[in-house]
Amino acid sequence: MANDWNTRLTLLQRAKNPDDQQAWDEFVRYYSDFIKVVLSQMGLNQKDADDLIQEILIKIWKALPKMDYDQSRARFRTWMSHLIRNKVIDHFRKVKRLSDKQEMIVEESGNLTPVKSEPEVEKIIQSEWEVYIVKLALKRIAGHFSDRAIDAFEMSMENIPPEKIGEKLGIKGNSVTKLKNRVKQRLIKEIELLRSELEPTP
């Protein structure tokens with residue numbers, strides 16, 4: 001994503017413009033990976049998920065230009081959770097693995113498992129989005145730091161003591177803390193930038 005983009009407009013707002021092909025390409029690049037994570041959490045295998053991702057993106061592409069987005073009424077991810085859940089239900093209906101009356105998925109074991117409700121899907125989306133955006137930010141800043149600094153930060157996030165991290169990386173404990181803090185400060189700024197670019201605003 002280019003640094004000189006006008007961040008007053010989110011990617012979602014820009015993608016609503018059918019003439020902004022760059023925005024839509026970026027939308028697909030970021031959201032296709034995210035939707036794949038959500039579908040995995042909903043129990044779909046990789047092949048089925050890959051097929052559904054394309055259907056979901058096409059549905060979003062067709063709906064975006066007509067969407068009169070109002071954050072006070074509903075969040076974009078609430079709308080997307082509804083769309084994703086409906087697509088998953090349609091998918092299982094097509095392969096005759098879903099009961100039309102009970103909306104139950106028949107597993108290989110023969111047991112019945114309820115399809116996740118819309119609030120559950122929205123919760124998955126919210127939770128996975130927070131994880132996704134941190135990973136994305138970390139990936140974007142990785143080139144600005146040494147591998148040692150990134151390793152120190154990631155290990156510190158696993159609550160490994162600085163002394164133990166230092167032993168593994170061959171540096172002193174106080175150096176670990178300095179490296180961790182540098183990465184953390186840059187990561188926070190990158191997350192804020194990503195949120196301004198990717199998350200909807202009124």
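Please treat every number below as a calculation from the coordinates, not as lab data. Bear in mind that the values here come from a model prediction, so they are computed numbers and not experimental data. A quick note on method: Cβ atoms are made from the backbone with ideal geometry, for glycine too, and the neighbour counts reach across all protein chains shown.
Structural remarks
- A simple charge model with +1 on the Cβ of Lys and Arg, -1 on the Cβ of Asp and Glu and nothing else charged puts the dipole of segment 11-198 at about 400 debye relative to its Cα centre.
- Principal semi-axes in Å for segment 11-198 [√(5λ), Cα gyration tensor, largest first]: 37, 23, 13
- Summing Lys and Arg as +1 and Asp and Glu as -1 over all other residues whose Cβ lies under 12 Å from the Cβ of residue 81 gives a net charge of +2.
- Here segment 149-202 yields Rg over Rh of 1.18, to two decimals, using C-alpha coordinates and the Kirkwood radius.
- When 180, 47 are arranged by Cβ crowding within 10 Å, least crowded first, meaning fewest neighbours, the order is 47, 180.
- For segment 9-88: span of alpha carbons on each principal axis (Å, largest first): 34, 28, 17
- In plain terms, the residue of 82, 91 with the fewest other Cβ atoms within 10 Å comes first and the most crowded comes last, giving 82, 91.
- Ascending count of other beta-carbon atoms within 10 Å, so fewest first, for 129, 61: 61, 129
- Pairs beyond 22 Å (Cα-Cα), from 66/139; 139/180; 164/184; 135/184; 62/189: 66/139; 62/189
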